[in-house]
1. Considering (1) free of Cβ contacts under 8 Å to residues at least 60 places away in the same chain; (2) surrounded by 10 or more Cβ atoms within 10 Å (Cβ to Cβ); (3) closer than 26 Å to residue 123 by Cβ, say which one residue 28 fails and leave the rest.
2. Is it the case, given these coordinates, that residue 10 is of a type outside the set (Asp, Glu) and within 18 Å of residue 127 (Cα to Cα)?
3. With respect to residue 50, determine if the residue is of a type outside the set (Lys, Arg), open to solvent by 40 Å² or more (accessible area, probe 1.4 Å), more than 16 Å from residue 123 (Cβ to Cβ) and at pLDDT 90 or above.
4. Is it fair to say residue 10 is open to solvent by less than 90 Å² (accessible area, probe 1.4 Å), modelled with pLDDT of 90 or more and among the hydroxyl-bearing types (Ser, Thr, Tyr)?
5. Among the residues of the stretch 32-42, is any touching a residue at least 12 places away in the same chain (Cβ under 8 Å), in a strand (DSSP E or B) and either touching a strand residue (DSSP E or B) at 6+ places or on another chain (Cβ under 6 Å) or more than 16 Å from residue 89 (Cβ to Cβ) (or both)?
6. When the stretch 80-91 is examined, which residues are found to be open to solvent by less than 90 Å² (accessible area, probe 1.4 Å), assigned to a loop (DSSP other than H, G, I, E, B) and closer than 15 Å to residue 64 by Cα?
7. All but one of (1) open to solvent by 50 Å² or more (accessible area, probe 1.4 Å); (2) out of contact with any Cys (no Cβ under 8 Å at 6 or more places or on another chain); (3) touching a residue at least 12 places away in the same chain (Cβ under 8 Å) hold for residue 61; which doesn't?
8. Return yes when residue 5 is farther than 23 Å from residue 131 by Cα, part of a loop (DSSP other than H, G, I, E, B), without any contact (Cβ under 8 Å) to a residue 12 or more places away in the chain and polar (S, T, N, Q) and no when it is not.
Amino acid sequence: MKTRTLLLLSVGVGLMILLAGGVLLLQLANESAAVEPAEVGESVEVGDVDVVVLGAQEGATFAVDVELGGVDDDLSGFSLATGDRRLQPLTTDADGRCTEITVAEQRCRIEFDVSAADGSNRVLVLRRGDEQRNWVLATP
């Protein structure tokens, strides 16, 4: 091949890459990545887990009353966003505390130690695979 042909091919490939990048940029600009928060009392399915957040109260810990079930698994998909950090649930045995998700629906509390967290924002987050739901439980 001649040098001129190689240069024209490389310019053509470069233009195709530029066009594909522009199309991807337009797709990303039109995509809404925000997760709409679920309402307290609303039954929500996140992946293979059914969850109803019944309410929350703050004391020595931040406790979220839930009904959940659908699969045998741990609570690692749950977290609490506080504005300055993301907290994992307490999983030690305590009266009424959720320590795991079970196939059978159960009513229990998911508790978080918020003693080191600043601010009063409290957003419960559940991630299962590619799905996520949030519950806004307290704001300043």
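The values are calculated or read from the model by the stated rules, or taken from the named source; none is laboratory data. Computed from a predicted structure; not experimentally measured. Positions of Cβ are backbone-derived with ideal geometry, glycine not excepted, and every protein chain shown enters the neighbour counts. Just so you know, the surface numbers come from the protein's heavy atoms only, side chains and all, with ligands and any DNA or RNA stripped out. Shrake-Rupley method; radii C 1.70, N 1.55, O 1.52, S 1.80 Å.
1. It fails just one condition, (2).
2. So residue 10 does not fit the description; no.
3. Yes: the conditions hold for residue 50.
4. So residue 10 passes the test.
5. Among the residues of the stretch 32-42, at least one is touching a residue at least 12 places away in the same chain (Cβ under 8 Å), in a strand (DSSP E or B) and either touching a strand residue (DSSP E or B) at 6+ places or on another chain (Cβ under 6 Å) or more than 16 Å from residue 89 (Cβ to Cβ) (or both), which makes the answer yes.
6. Residues satisfying the conditions are 82, 89, 90, 91.
7. Only one criterion is unmet by residue 61, namely (1).
8. Spelling it out, it is not the case that residue 5 is farther than 23 Å from residue 131 by Cα, part of a loop (DSSP other than H, G, I, E, B), without any contact (Cβ under 8 Å) to a residue 12 or more places away in the chain and polar (S, T, N, Q).
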